[in-house]
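Written below as structure tokens is the structure these notes are about.
The values are calculated or read from the model by the stated rules, or taken from the named source; none is laboratory data. Just so we're clear, the structure is a prediction, and the values are computed from it rather than from any experiment. Positions of Cβ are generated from backbone atoms using ideal geometry, with glycine treated the same way; all protein chains shown enter the neighbour counts.
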């Protein structure tokens with residue numbers, strides 16, 4: 001049967017992030033997952049009462065950054081009327097969505113102008 005060990009809660013003095021560890025790890029040194037500062041895990045009786053000993057991270061400590069997520073690309077094709085040319089390329093899904101919104105918005109503006117011209121909307125008081 002597995003016994004659950006009590007957790008020790010403490011604060012990183014480097015970045016002030018709240019951390020926790022198993023009580024059996026008390027006395028060992030660890031690195032903060034946020035700022036990579038070295039500190040000693042306090043005993044349960046000293047947890048959150050005494051600031052842990054901090055060993056600053058060396059200048060040469062490599063910072064590992066997560067790789068940026070690669071966005072999916074989709075084909076994009078736009079042709080202009082009467083053989084005026086066009087574009088055919090691949091863009092990210094976000095760019096394709098933005099282009100679709102801009103094109104739809106432009107179409108709605110043109111449609112509004114045409115409807116206004118057809119029905120002769122006039123300013124009040126003119």
> Restricting the search to segment 64-90, which residues are over 30 Å from residue 35 (Cβ atoms) and part of a loop (DSSP other than H, G, I, E, B)?
Replying inline: 72, 80, 81, 82, 83, 84, 85
> Inside segment 1-15, can you point out the residues that are modelled with pLDDT under 85 and farther than 13 Å from residue 40 by Cα?
Replying inline: 1, 2, 3, 4, 5, 6, 7
> Condition test on residue 58, is it exposed (fewer than 13 other Cβ atoms within 10 Å of the Cβ), in contact with a helix residue (DSSP H, G or I) (Cβ under 7 Å, 6 or more places away or on another chain) and modelled with pLDDT under 85?
Replying inline: no
